[in-house]
Structure formats: C-alpha cells, structure tokens
Amino acid sequence: MRSRVIWGLIAILFTSLSFSTPAPAAGVVTNPVITLASNAKSVTVTPGKWSAGTKTTYAWLLDGKAVAGSRLSFTPTSKQKGKTLQYKEISGKLQALSNKYTIGQVFLTGAISIAFTDETNSALTLKGFQLATTVPKTAVATVQWFRGAFEVKDATTANYPVSTGDEDSEISATITYTAKGFTPVTTSTNEISIPLKPRSYSLMWADEFNQPAGSPVDPNIWVPQNGDGSAFGNRGWGNAERQWYTEKNSSIDASGSLVINATRAGANAFNCYYKAPCEWISSKFVTKDKVGFKYGRIEAKMKGSTGLGVWGAFWLLGANIDDRLWPWCGEIDVTELLGRSPDTNYGTLHGPLSGGGGRGGTTDIPGGFANDYHTYTIDWLPDQITWYLDGNRYASVNKTDKDWVFDHEFYLIMNLAMGGNFSGPVADDVTKATLSFDYIRMYSINGIGEVIKH
C-alpha cells in the first residue's frame, strides 16, 4: 500500500507515506517512523528502538542524499516538491530506515481494506475507510472498484454488491484523496477472490415435441412467421436470406423430434423480395404473444445440416420489438449452426452498441453438429449470460454498459435459413437441409427465472 505526504496551500509541499517500512536490522527493535505535522509545515519523526545501550546517529535523506534537519523534524522547501524524504538511524555498520514521503502530496494514515459485509458474501465494503485520516483534513476521497485489472463502471461508493460477473475473479478497490493545492494520493486495498456460486436448476417449462408423427408444432406455443420478411417490413429477414418460410415444411417425426426441412422443390411457387421466384422454402416459428421468458436456463437439444449456405438457429428476441426495433430490443443467440463450419457453435448477444457484430463466443463441436444431437444452453441472469455446449461453459458476457438490454421479456425463435450475409451464398450442390429439435426446456436458476404466458 502506498501513501504520500501533502502539499499545502501555505506554499510548503509535502510528501506521501509508504506504510511498507523496511524490516528492522539486527539490533533494531522498531524502525523510525516519520509523519506529517497537522499544520502541514514540517515532518516529524518517532525514533526507532534499538537494543539497550545502543548509541545512534541520524541523517535525513532527500532522494537518497543526506540533507540538514534537526533530530526530530524536517521542514521542506517549495523547491523540494516531488522529492522523496526518508529518515535513517545509524549505529556502527547497522542502520534503520523509516518509511518514505514524497514531498507535495496529500498525506494519509490508516490502512484501508475490503471484506464481505456478512456471511452471505453478497456484498463487499471498505474497512477502515472512516478511520483513515489525511492532511489536510479537507481532502476528499474518491473510490473506484476493480474486477481484476479493470474498473467496474459506476462502482464508486464504499459498498460493492457482488454480481454474477464477479464470480471466479479478484475484486479490489482504490481510494484517491484530493485537496486543493495538493497532489492527490491513491491507496489500494487487498484483493478478494469471489468464488463460483453453486447453481441449482428447476424445470419450469418445456416443449418435448412428443406429438404423433406428422403433427405440426403446438399452436398454443408456436406461431409461424411465413414469407420472405417483406410482410414484416424486413425483406430477406434483415440478412439477405433466400428462403420463403411456410409452416408446411416442418413436422414431428416418428422419434419425437421437430424437423424443419429446407428444400428447393416447390420454392418457385412463391415470389421473393429479389423480384424472382423463391429459391428455397423452409420454416420459422416464434413464441411471440404466446409464451415469453425472462431469465433462467434455456436449452435445446438439436441437430443441424452441413453445406455452404445452410444456417440453422435457435435464438430469442426482445418482446418489445414492436416498440423498440432491433437491436435496441436485444437479441440472444443460443446457437447458430452454419453449414460452412460444421464443427463450430456460435453463441452471441446483439444490443444497441454491439449491433450486428455482437458479443459472445464460439466453441468446437466434437464430431460436428450434423452427426448427432447436442445440447445448446444459456444461463441468463440479471447481470450475466453464459453459453454452454453439452453442459460445458464456453463463453460469458457480463452487464457492463448500455449494450445490456436483456432485462425484460424475450420470446423464442427456431428457424432454418438458406443463404444470407452470415452464412454466405448457398452452394449449387446443396439441394436440401434439415434442422431437428428433440426438446426445448427452460429452468429457473437458484429460483431466478420467469415464464410469461399470454
């Protein structure tokens, strides 16, 4: 911890105190300690304690060089601002060194640390903050909390609520003291490791797709969004996609999975936004105005298709999209499966700052997403969204700025797009594709999570 002496309005500049004093030498019981007088005009010293009968001499050191001063005090001049002052006692070949001052800075005494406020470990507070004293007494303290080496935005009070994003990281704080006519001094606290909090999950909602083979999706849950996006004021669904959606291209199969089929056959019966017969037909379903979700674990067991231009997705959009357009409504991509990258899983958030680029991560899929079913999961909490593949965590985004618009109701979307800005053009040799869902489930996390039925 560093502390420094102050520079006063009275034109004499003083110094910062280092609380880390040198270890006493042999024969030294305690090292000398220098402090700043309350009038901010001189530095005084409490001599060190030596073995009984030891005779000592002394020296004041300014940037390591001896300067004149009385046995118990030193009065700096204005020209000595910024220089380091230290007191040395000598007995033969032995010496004892005091703490250091840097002339011209606010002087602080008293150690400040951080600790949990109670046994729940839900908040941290500054300890010793009110007991710390400064010269001058009018110095004002400014607090800044840190997660690792990075400032936590708007965390500037003596108390710090521990968030999900703090788990598995080091939290600390700095306190900066400023006063008119003085150079500020900053002191740092200890670091506290925030442990990962165990999570318990409770099933709140599910669609297992267990209807008889050939059945459509449950109309009490899912609404088809048919067409090429033009009817929604979003031609090509905002991504220059090439398909026309129709609910007829999906059904429950004999194994109890929903299968969305994309095919070229029959697509020319529809006219798409690109002023020509459509190239593909597929399906898209949403829970908008049927079932909404706010926080919790959302998971789907899925299998996709390979091929350049194939783009299967399971995602969520903010239910306020009719009032706040994308990306201000928020988008949570649980997974995007691109046929051109059959071994990669994409998990992304899109908000008003991140826009189309988004924030999130990717991970490799052992064996690829087309050869077998995998589980794609998010844990969505008020201050963090985390992605999992087959139960393994691979990415996380914390609530840190105005890009976080994920604190309200969202609805689910499942669709199989063909072509588009993200997936690339569909290869000529791709004639069909599928996207299969074994189930979709929603769980609360430690009691956090809400299902909204309309």
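Per-structure values
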| read-out | value |
| --- | --- |
| Matching residues, region 71-113, being of a type outside the set (S, T, N, Q), surrounded by fewer than 22 Cβ atoms within 10 Å (Cβ to Cβ) and over 20 Å from T57 (Cβ atoms) | K79, K81, G82, K83, G110, A111 |
| Filter result for the condition that a residue is of a type in the set (G, A, S), modelled with pLDDT of 95 or more and under 34 Å from the mean Cα position of the chain (by Cα), over A115, A139 | A115 |
| Which numbered condition D118 fails, given (1) free of Cβ contacts under 8 Å to residues at least 60 places away in the same chain; (2) closer than 19 Å to N398 by Cβ | (2) |
| Per-region count, region 219-243, residues under 15 Å from A417 (Cα atoms), of a type in the set (S, T, N, Q), touching a residue at least 40 places away in the same chain (Cβ under 8 Å) and part of a loop (DSSP other than H, G, I, E, B) | 3 |
| Identity of the residue in region 262-317, within 35 Å of the chain's Cα centre (by Cα), of a type in the set (D, E, K, R) and surrounded by fewer than 21 Cβ atoms within 10 Å (Cβ to Cβ), that ends up farthest from T434 (Cα to Cα) | K294 |
| Residue ID - farthest from the chain's Cα centre (by Cα), chosen from residues in region 166-191 that are more than 27 Å from V135 (Cβ to Cβ) and crowded, with 20+ Cβ neighbours inside 10 Å | I171 |
| Among (1) part of a strand (DSSP E or B); (2) touching a residue at least 60 places away in the same chain (Cβ under 8 Å); (3) of a type in the set (A, V, I, L, M, F, W, C), the one test that V426 misses | (1) |
| Inter-residue pairs, beta-carbon under 9 Å, first within 16 Å of S282 (Cα to Cα) and in region 244-256, second of a type outside the set (V, I, T) and in a helix (DSSP H, G or I), 6+ apart | W244/A267; W244/A269; Y245/W237 |
| Qualifying residue in region 167-178 (condition: touching a Ser or Thr at 6+ places or on another chain (Cβ under 7 Å), modelled with pLDDT under 95 and under 21 Å from P382 (Cβ atoms)) | no |
| Leading residue by the ranking (farthest from T189 (Cα to Cα)) among those in region 64-112 that are among the charged types (D, E, K, R) and over 43 Å from the mean Cα position of the chain (by Cα) | K93 |
| Enumeration of residues in region 202-234 that are surrounded by fewer than 16 Cβ atoms within 10 Å (Cβ to Cβ) and over 21 Å from D289 (Cβ atoms) | S202, L203, E208, N210, Q211, P212, A213, G214, S215 |
| Residue satisfying all of: in region 307-325; touching a His at 6+ places or on another chain (Cβ under 9 Å) and not hydrophobic (A, V, I, L, M, F, W, C); farthest from G351 (Cα to Cα) among these | N320 |
| Pick from region 318-361, criterion closer than 14 Å to I413 by Cβ and charged (D, E, K, R), ranking: farthest from the chain's Cα centre (by Cα) | E336 |
| Members of region 49-70 that are modelled with pLDDT under 95 and buried (at least 17 other Cβ atoms within 10 Å of the Cβ) | W50, T56, G69 |
| All strands (runs of 3 or more DSSP E) inside region 112-172 with 1 or more residues being of a type in the set (G, A, S) | 113-116, 123-127, 140-147 |
| Meets criteria (farther than 19 Å from A132 by Cα, surrounded by fewer than 18 Cβ atoms within 10 Å (Cβ to Cβ) and either at pLDDT 95 or above or aromatic (F, W, Y) (or both)) for F146 | no |
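The values are calculated or read from the model by the stated rules, or taken from the named source; none is laboratory data. Since this is a predicted model, take the numbers as computed values, not measurements. Positions of Cβ are generated from backbone atoms using ideal geometry, with glycine treated the same way; all protein chains shown enter the neighbour counts.
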